[in-house]
Each structure stands twice: as C-alpha cells, then as structure tokens.
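Presented below is the structure to which this report refers.
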Amino acid sequence: MRKTITILTLLFFISGIILFEACNKKDIVQPAQTTPLSIPIPPGFPAIQNFFVNNPVTQEGFDLGKKLFYDGRLSADGNFPCASCHQQFAAFATFDHNLSHGFDNQFTTRNAPGLANLAWYKEFHWDGGINHLEVQPLAPITAPNEMAETVENVIRKLKADATYQDMFRKAFASNEITSQQMLRALAQFMGMMVSANSKYDRVKAGKETFTTAEQRGYQLFQLKCSTCHQEPLFTDQSYRNTGLPIDNVLKDMGRMRITKKSEDSIKFKVPSLRNVYLTAPYGHDGRFYSIGAVIDHYRSGVINGPTTDPLLKNKLSIDDFEKADLLIFLRTLTDTAFVNDKRFAQN
Amino acid sequence: MKKILIVFAALFTLFSCNKESSSETDLAPLKISFQLEAFGAPIDTTAFYTNNSGEKFKITAFKFYVSLIEAANSSTNSRSAENESYHLVDLADPATHQFTVSLKNGIYDQLNFIIGVDSVRNVSGAQTGALDPAKGMFWTWNTGYIFAKLEGKSPSSTAPFQMFTYHIGGFKTGENAIRNISLPAQFQIGKTNELVINADVQRWFDGVNTLSIASKATIMSPGGMALQIADNYATMFSVNKIVNP
C-alpha cells in the first residue's frame, strides 16, 4: 500500500508538471537547445535600454544575427551587406569615407557611425529618428541609396536557403522565417557589441595608469568636452548644433527633420568618442578628415546661429599644447580587443 | 486503491487548463466586412472621380489599419475587446476586406476601433502579423506606422506623373493621427453573423476639412496636414448592414 501511495504521489506530481506545461503552451518558451547569453554591463555603465525584454539574447540568435550582418543577400544586388559600410577594423564605421557607397553607385547622405554599445542608446541615427534597435536595419535595407531591397524580398531569399531555415529554427524554435525574427537576430548581434576595454577603461578600473600627457588631456576633456561627450558612453545622447556651416548640397536639417521644430534645426546627435581614432572621417557628413580638424572647428570655426549650442557660442579656448594633450587622451579610447574580437568577425 | 484513483482523476480534471477553456466558451465569432467605396459605390480603379474641389482623380492604392476592435454597450457599460487586434484592409487584396473577430457573448450597441496603430506598438521594436513592416506601412527613417494610405493620379496634381500620395500616420504628442471610431450598431455577439461597414474615400477630400490635390499632392510624414486628413477619414465609416440569422 505504501508503495502504491508513493507511486501515485509521484504520478500526481508528474502529471501536474505535464498539465502546467500544457497550460503554458501559449507563452513564448525558450527552446531547450538554445544557449542564453547576456549583454555584459561594464563597471560604471548604466542599465541597458529595454530592447531585449521580448528578445532574450541566445548564442543561436547571435550567430544568426552575425550571418545576416555579413550577408550581401540583404541588399538588392548582393553587394552591400551591413558590413560593407560597418567594418570591424574601423570599429564598425566605414573606413576612410566621408559618405559610404551604396546601391547603384550612390552615396549615403551621412557618415556611417561606428557601432558599439548600442544597447545603451535611446535612439539611433544622427537625427535620432529611429526609436528601437530592432527596427533600425529596416532603414538601410530599404533605402534606395543603401541596400535598395524590400523586406518582403529579403525574407523570400532567406526562406529559400536551407542554412537559414536551420538557423532560424534553432534560434526561434519555429518553422517560419519572419521579418521580426530577422530583426531580432540582428538586434542580438549588435546588442552584444560592447566596447569597454580601452586603456581609458583599464585606468578607470585601476589596472593601468595614464601617462602625464594623457592625464592632462583627460582633465581638459572633462573640463571642455564631457558635458556633451559624457562618460562612460562618451555621449549624453542629446542633439546639439556645434556651429557647423550647413552643406548646401545635402541641406541636412538634422533633428528638425524628425521633430519639425525650428529649435531643433541643424542639431545632430552627440556621437560617442569611443574608438574615435578608428572611425575617421568625422561629423555627421564626414566633413572632417582628422580629429585635429574637429578641435580646430571648436577653437575657431563655430558659426553662431539661432540654435548653436550655448557651450560653444564663444568657441572653445584650447591652445596648441592642450590640443595635443586632448588628442593623446582620445587615443586611450581605442579598444583593440573589440576590433579584433573574433565573435564579431565574419566566420 | 480505487478511491485514490478517483480522487486523482478528480484532481486531474480540476487542475486542467480550465482558465482558458472557460473564457473561450464566453467568446463567439463576428465577421466584420468593409466595403470600400467612392461616392457611394464600390471603388473602380479604372474610373475617374471628381471631388468637391472639382478635381478629377483616379485611385491606385487605398489601405488602412483597423485596430483595437471593441464591442461596447453604452447603457450597461460592458465592453469586449479583441485580443491582438490589428487588421490591415487593403483595396488591392479582397481577402483583407473581411475578417472574423472573437468577442464576448452579449448585446452591444457600438462597435469601436481605431484607425491606425496604438503608440505602444510604434515604440516596441519589430512587430509581426498585420504589423509586419514588410507590409510597407512603416516609416523606416522616422520610426512609426503609416496608419492609412491613399494614392492615385489626378490632372490637378503638380507632383511627378500627376500622382498624389497621402501617407498618414504619427503617434507622438502634437502629431497624433490615431483616430477613435465609434459606430452605432445594435448587435449580439453569439447571434449576429456579420457587420458590414462602408468606407468611402471621398471623405479624404471632402470631410471636415477640404483637401485639394492641386494645393497638396504629397503628404508623407506625420504632423501638419496629416492631422487634418486623419480628421477627414475618421468620418468615412458607416454601418451598411447588420446580418442576423
């Protein structure tokens, strides 16, 4: 009798579990075979945005996102994968190009920024027009001067490929390939691209020390630059007019294009300066070929208009020695481990 | 031993997915059909129409989102909303002109829905189903859904190829083009088979505001004129028929 009771109790619990599982079928269940990953939060960094609450990062999703990032089939003629404009050795900016090449010998209208620490960004693009990491890839995929494709057609190409069928099944436990899954996989890959292993970070962690010139440059930076290029992301994610003369061909109104408010005219997102030595040229349209030229602009080029930032209206007084120190400090923001990280490189 | 088995069986039924099955029995299907019209007759994409500004025009595309469908009873205040309620009605695809929603049994006197997509779905990343960005109802460079589209040709248009293009959307404060529609209709979920609703494109031009193709042939971003057009098309719906057995 004791034995049967034990067996029955056991049976009861087992069936309970079965029922519980059955009742929960509608919820999104992580397939058993995925390997969870998490976006590393470096010391001193704030919490990430809530981009991943419905899109838990897994090794399988990340691998799929990486394949997509490097795949030319996301573009109309096969020649323009994301990686054609976002090159790892240039910290995922376009090396040595003010504007990038896209479909049919056309150029982008803005400079391709480096990609790192995207999980912390509230908004994307120079004008902040995009409000979620998952939907960002829709812009380059469909832009006629970038990848010139349609989402429908990209999904058709992916569905026809056996490797993708397998990878989507593994990452999302479903036999369907949807644009949502493609976009979520890309978000997983890009979200994992965290850059926080520069000399600056190691100094902050007490593992290394600045040289005296670097230290002087850092102090100047904190005094003159870090209100906008705020640590640890080196951007406060605001939109500002740094007093650049408007380019008469591109006529880029920046943030105003999104908000339509005149107070946002020719304001652009403060770019991060992490890996800045690798992401030349500089500025929203790539008009500066060196960091020195950007600093010269702050010293003597600022044009005062109605929206020019109050911090820059009187220009920045930086002498040549200070400029040299600033440049030396900015070099400590290069994260060589990040640009050589095999996880982010094409397989 | 037998007793134990009975208790066991009883517990088994007690703990099965009763939550879902009970709520499912409360629900019944209702077919909602849209008749896409121009000037009171089904849209003919080969015909020329004339709006009240005297402008001749032809329709090449007409699409809109019907979301957050809800049956309401204004005297008892009871309401029932469809789950995941997003539907894209597309002139070019007759299969989208009708769909079936699942609502709670009861007597209602209003059908409510919004034209557009609620702000939450505009800020929550990649969506799927009717909200799949592959449907072409999404602004990629300024995140947000296009709630409704009307495209066509008119000799009055100054745009290339005499086209007119109205893409209406916007969910942010100051640009909110989401419009609540509330149609009076006596129906009973569990009995009524179908609600047939007319949507007449004339209201885009001749609604609470006047839209002249000559003065504005292209609207492709939120804010400004888009709000006036949304006010116009918010008046394009009327209940044509309530089909009871």
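Residue count for region A:218-262, restricted to those that are crowded, with 21+ Cβ neighbours inside 10 Å, closer than 23 Å to A:Arg299 by Cα, among the aliphatic types (A, V, I, L, M) and touching a residue at least 60 places away in the same chain (Cβ under 8 Å): 0. Suppose the filter is modelled with pLDDT of 95 or more and more than 14 Å from chain B (Cβ to nearest Cβ); does A:Gln88 pass it? Spelling it out, A:Gln88 is indeed modelled with pLDDT of 95 or more and more than 14 Å from chain B (Cβ to nearest Cβ).
Here is a yes/no grid of residues against (1) on the phi > 0 side of the Ramachandran plot; (2) not assigned by TED's automatic domain parsing to the domain that holds A:Val294:
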| site | (1), (2) |
| --- | --- |
| A:Ala171 | no, yes |
| A:Ala185 | no, yes |
| A:Gln222 | no, no |
| A:Arg255 | no, no |
| A:Lys260 | yes, no |
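Of the residues making up region B:73-86, at least one is under 16 Å from the mean Cα position of the chain (by Cα), under 19 Å from B:Tyr233 (Cβ atoms) and within 14 Å of chain A (Cβ to nearest Cβ).
Inspect region A:263-280 for any residue being part of a helix (DSSP H, G or I), farther than 23 Å from A:Ser300 by Cβ, acidic (Asp, Glu) and without any contact (Cβ under 8 Å) to a residue 60 or more places away in the chain and give the result as yes or no. Yes, region A:263-280 contains at least one residue that is part of a helix (DSSP H, G or I), farther than 23 Å from A:Ser300 by Cβ, acidic (Asp, Glu) and without any contact (Cβ under 8 Å) to a residue 60 or more places away in the chain.
Count of region A:240-271 residues, restricted to those that are within 14 Å of chain B (Cβ to nearest Cβ) and touching a Lys or Arg at 6+ places or on another chain (Cβ under 6 Å), is 3.
Scanning region B:87-108 for residues that are surrounded by fewer than 20 Cβ atoms within 10 Å (Cβ to Cβ) and of a type in the set (A, V, I, L, M, F, W, C), we see that the one that is nearest to the other protein chains (Cβ to nearest Cβ) is B:Ala92. Inside region A:103-144, residues that are at positive phi, over 9 Å from the mean Cα position of the chain (by Cα) and more than 9 Å from chain B (Cβ to nearest Cβ) make up a count of 3. Cβ-Cβ distances below 6 Å connect the following pairs, each with a first residue in region B:56-85 that is at negative phi and crowded, with 17+ Cβ neighbours inside 10 Å, a second residue that is charged (D, E, K, R) and not in a strand (DSSP E or B), and a separation of six or more residues or different chains: B:Ile69/B:Glu82. Would you point out the residue of region B:109-133, among those that are touching a helix residue (DSSP H, G or I) at 6+ places or on another chain (Cβ under 7 Å) and charged (D, E, K, R), that is nearest to the other protein chains (Cβ to nearest Cβ)? Checked region B:109-133; the qualifying residue nearest to the other protein chains (Cβ to nearest Cβ) is B:Asp132. Restricting attention to region B:217-231, the residues being within 14 Å of chain A (Cβ to nearest Cβ) and touching a residue at least 40 places away in the same chain (Cβ under 8 Å) number 7.
One residue stands out among those in region A:145-182 that are of a type in the set (A, V, I, L, M) and over 25 Å from A:Thr108 (Cα atoms): the one that is farthest from the other protein chains (Cβ to nearest Cβ), which is A:Ala162. Among the residues of region B:200-216, those identified as in contact (Cβ under 8 Å) with a residue 40 or more places away in the chain, part of a loop (DSSP other than H, G, I, E, B) and surrounded by fewer than 20 Cβ atoms within 10 Å (Cβ to Cβ) are B:Ser212, B:Ala214. Scanning region B:187-198 turns up one or more residues that are touching a residue at least 24 places away in the same chain (Cβ under 8 Å) and either closer than 23 Å to A:Met253 by Cβ or of a type in the set (Lys, Arg) (or both).
For A:Asp96, the criteria (1) within 14 Å of chain B (Cβ to nearest Cβ); (2) in a loop (DSSP other than H, G, I, E, B); (3) modelled with pLDDT under 95 hold in every case but one, which is (1).
The set of residues in region B:134-178 that are facing chain A (nearest Cβ under 10 Å) and either of a type in the set (D, E, K, R) or part of a loop (DSSP other than H, G, I, E, B) (or both) comprises B:Lys135, B:Gly136, B:Thr140, B:Trp141, B:Asn142, B:Thr143, B:Lys172, B:Gly174, B:Glu175.
The values are calculated or read from the model by the stated rules, or taken from the named source; none is laboratory data. Everything numeric here is computed off the predicted structure, so don't read it as measured data. So basically every Cβ, Gly included, is an ideal-geometry build from the backbone, and we count neighbours across all protein chains shown.
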